[in-house]
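Single-structure report; data block below.
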C-alpha cells in the first residue's frame, strides 16, 4: 500500500476524547526523508541550506491504516524551514484537506489550498504532485489516500473508483469542505492519542471525508457542461499566455478575445477546466514567481515590478493574503 504523504496542516481544537497530549516531536530533514521512503515521497528544503540535517518542523504527524485499506495521515506542526514534498508515484485516490495555513500543489494539477478547502486527485499512473510549505507557519491538515484500488476491502467502493478512473485517466479538483464535516476534521487533525476509541473515531471520520469527496466529484461534473476539444485548446492557449507573461497587464476582455469567447464564457469554462478563476490563476502564477525571486535574493520592489505590480504596497498585501506572510519574511 502506497500513500501520497504530502503533509498539510492547521490549528488547535477540542480533542475527540479528552486524554493527555504527548509532547510534540521535532522532525529533522532526515526524519522526513525516512517518512518519505515509506510513501515514495522525497522531501527537500526550499532555499539555501545552512545545516547538514536541520530541524524542519515541530509538532505531530500521525499515520493510520484503516480497515478498508486506506491510509490516513494527520499533521499538526509549526514549520521552521520552508520545504517541499514531491511524490514519485500517484495513488489511485488522494484527498487533501487544509484546515489552517496554506499549501501549493504543483504537477499534473496546480492548486492553491486555503483553510476549509481540499483537493481531490485521481490518477491511474504517472508522477504525483509536489506540495510546497513555507517557514514559520502553523499548519494542520489531513491526507486520505488509496494506493491500489485492488487492495480495498469494500468491493462496491472499489468498483465505484474503477468507474471514475475509466472515465478519466487523471482528475484534480479543489473543493470546499462542508461545514458540518469541518468540526469533526478539526478535532481529528489535532488528536494525538492512540487508543482503540480514537482509532475508531478517526476511521469513521475518514469514511465521511471519502463519501463527501466522491460526492463532490459527481456534483462538479453534473453541474458543468462538458468541454469540447476546441474549447480545451483555446483555454490552454490562455493559460499558457498567463504562465509566460505574468507581469503584463491582463484584462478579462483581452483574454476572452485570445480565447475567441465572450468574457462570461471564458470565466465559466476556465473555472471548469482548471478549478480556479482566470484571474485567480494569474495571481497564483504571479505569487509563485515572486516567491521564487525573493528566495533568490531579489528586493521586494524588484520582484513586485517584475510580476506586474506597480506599487510594492499592493504587492505586499496580495503576497500576505496568498502566503500568510509578508514578502520580507520570505527573503
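The values are calculated or read from the model by the stated rules, or taken from the named source; none is laboratory data. Nothing here was measured: the structure is a model prediction, and the numbers come from that model. When we count neighbours, we look across all protein chains shown, and the Cβ atoms used for this are built from the backbone with ideal geometry, even at glycine.
Of all residues in the range 265-282 being surrounded by 19 or more Cβ atoms within 10 Å (Cβ to Cβ) and assigned to a helix (DSSP H, G or I), which is modelled with the highest pLDDT? That would be 266.
For residue 320, the criteria (1) out of contact with any helix residue (DSSP H, G or I) (no Cβ under 7 Å at 6 or more places or on another chain); (2) in a loop (DSSP other than H, G, I, E, B) hold in every case but one, which is (2). When the range 25-79 is filtered for residues that are touching a helix residue (DSSP H, G or I) at 6+ places or on another chain (Cβ under 6 Å) and on the phi > 0 side of the Ramachandran plot, the ones remaining, listed by number, are 47, 69. Among residues that are in the same structural domain as residue 324 (by TED's automatic domain parsing), surrounded by 17 or more Cβ atoms within 10 Å (Cβ to Cβ) and under 23 Å from residue 171 (Cβ atoms), residue 288 is included. When we screen 239, 222 for residues that are modelled with pLDDT under 90, touching a helix residue (DSSP H, G or I) at 6+ places or on another chain (Cβ under 8 Å), in a helix (DSSP H, G or I) and within 28 Å of residue 176 (Cβ to Cβ), the only hit is 239. Summed over the range 18-41, residues that are at pLDDT 90 or above, in a strand (DSSP E or B) and touching a strand residue (DSSP E or B) at 6+ places or on another chain (Cβ under 6 Å) total 3.
Residues that are within 17 Å of the chain's Cα centre (by Cα) and closer than 17 Å to residue 208 by Cβ number at least 1 in the following strands (runs of 3 or more DSSP E) confined to the range 55-115: 71-79, 93-100.
Considering only the range 48-69, state which residues are more than 19 Å from residue 138 (Cα to Cα) and either buried (at least 16 other Cβ atoms within 10 Å of the Cβ) or in contact with a strand residue (DSSP E or B) (Cβ under 7 Å, 6 or more places away or on another chain) (or both). The answer is 53, 63, 64, 65, 66, 68, 69.
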